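Trainee: Have a look at this one before I ask anything.
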Amino acid sequence: GENVEQHPSTLSVQEGDSAVIKCTYSDSASNYFPWYKQELGKGPQLIIDIRSNVGEKKDQRIAVTLNKTAKHFSLHITETQPEDSAVYFCAARSPLGGTASKLTFGTGTRLQVTL
Amino acid sequence: GAVVSQHPSRVICKSGTSVKIECRSLDFQATTMFWYRQFPKQSLMLMATSNEGSKATYEQGVEKDKFLINHASLTLSTLTVTSAHPEDSSFYICSARRGGLLGGGELFFGEGSRLTVL
């Protein structure tokens, strides 16, 4: 099955700096890669996603890049703010499971934005 | 994004009792919902896939008689932890898939339910 690795496990940046979180996946058939932000005691919130037919997607301060050949994708947050502090999870989904296809999550990155 | 509501957000129960957690998709229909379990500072572990009108599919190692899942409508799935014990204490999170054919579509999560078994 799919295996997703995520790095780093913790990341501390100063307010205004950029943050980059990287993930690799093992199943070359995976074609959907969402990123989730989880605040303490809450459920994950979808912040951006990318499909395998594009290499980059941007939404304001957040961007995701995908390299299918290398099987890795990254989350980029620019101009970080204290409210960006949270745990971020990447995920990958293979289409091979049909209607039961499910997400495989990375291990999470705890981002702390300091003043 | 779409809204998925989960209830209750917190529940404390005595050992041996059963607890039901509800997951509702408020503004879309979800033929497929997923139930996850999350331990502190860890990732989400998929427990089961809930399909409307059919039996749930459980992941390896998850006891189907322990964690009963019902997906009776396109907007509601329930997870019942039967005869709960302290080791069942955890953060349970549901998600609902919006749209997409053959497994596609975006996944939206509920706010989670923290279960504490005394």
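The values are calculated or read from the model by the stated rules, or taken from the named source; none is laboratory data. Keep in mind that what you see is a predicted model, and the values were worked out from it rather than measured. Cβ sites come from the backbone with ideal geometry, for glycine too, and all protein chains shown count toward neighbours. When the accessible area is computed, the model is the full protein with side chains, heavy atoms only, and any ligands, DNA or RNA have been set aside. Shrake-Rupley method; radii C 1.70, N 1.55, O 1.52, S 1.80 Å.
Trainee: Which of the residues belonging to region B:29-50 are more than 10 Å from chain A (Cβ to nearest Cβ), closer than 18 Å to A:Gly43 by Cα and over 15 Å from the mean Cα position of the chain (by Cα)?
Mentor: If the condition is that a residue be more than 10 Å from chain A (Cβ to nearest Cβ), closer than 18 Å to A:Gly43 by Cα and over 15 Å from the mean Cα position of the chain (by Cα), then B:Pro40 is the only one that fits.
Trainee: When you scan region A:18-115 for strands (runs of 3 or more DSSP E) that lie fully inside it, which ones turn up with 3 or more residues that are at negative phi and without any contact (Cβ under 8 Å) to a residue 12 or more places away in the chain?
Mentor: A:56-59
Trainee: For region A:87-97, enumerate the residues that are open to solvent by 50 Å² or more (accessible area, probe 1.4 Å) and farther than 14 Å from A:Arg51 by Cα.
Mentor: The answer is A:Leu96, and nothing else.
Trainee: Follow-up. Here are some residues: A:Glu56, A:Glu39. Which one is under 21 Å from B:Phe109 (Cβ atoms) and of a type in the set (D, E, K, R)?
Mentor: Result: A:Glu39 is the single residue among A:Glu56, A:Glu39 that is under 21 Å from B:Phe109 (Cβ atoms) and of a type in the set (D, E, K, R).
Trainee: Tell me which residues, restricted to region B:49-92, are surrounded by 13 or more Cβ atoms within 10 Å (Cβ to Cβ) and hydrophobic (A, V, I, L, M, F, W, C).
Mentor: B:Ala56, B:Val62, B:Phe67, B:Leu68, B:Ile69, B:Leu74, B:Leu76, B:Leu79, B:Val81, B:Ala84, B:Phe91, listed by residue number.
Trainee: Taking region B:1-15 on its own, how many of its residues are open to solvent by 50 Å² or more (accessible area, probe 1.4 Å) and assigned to a strand (DSSP E or B)?
Mentor: Adding up the residues that qualify gives 3.
Trainee: Take region A:31-86 and flag every residue that is within 25 Å of B:Gln38 (Cα to Cα), surrounded by fewer than 12 Cβ atoms within 10 Å (Cβ to Cβ), within 14 Å of chain B (Cβ to nearest Cβ) and not small (Gly, Ala, Ser).
Mentor: A:Leu40, the sole residue that qualifies.
Trainee: Here are B:Leu74, B:Leu46: which of them is closer than 17 Å to B:Gly110 by Cα and touching a residue at least 24 places away in the same chain (Cβ under 8 Å)?
Mentor: Working: B:Leu46 fails: touching a residue at least 24 places away in the same chain (Cβ under 8 Å).
Of B:Leu74, B:Leu46, the one residue that is closer than 17 Å to B:Gly110 by Cα and touching a residue at least 24 places away in the same chain (Cβ under 8 Å) is B:Leu74.
Trainee: Still on this structure, I have one more. May I ask you to list the residues in region B:5-22 that are within 22 Å of B:His85 (Cα to Cα), within 13 Å of chain A (Cβ to nearest Cβ) and not basic (Lys, Arg)?
Mentor: Correct list: B:Gln6, B:His7, B:Ser9, B:Ile21.
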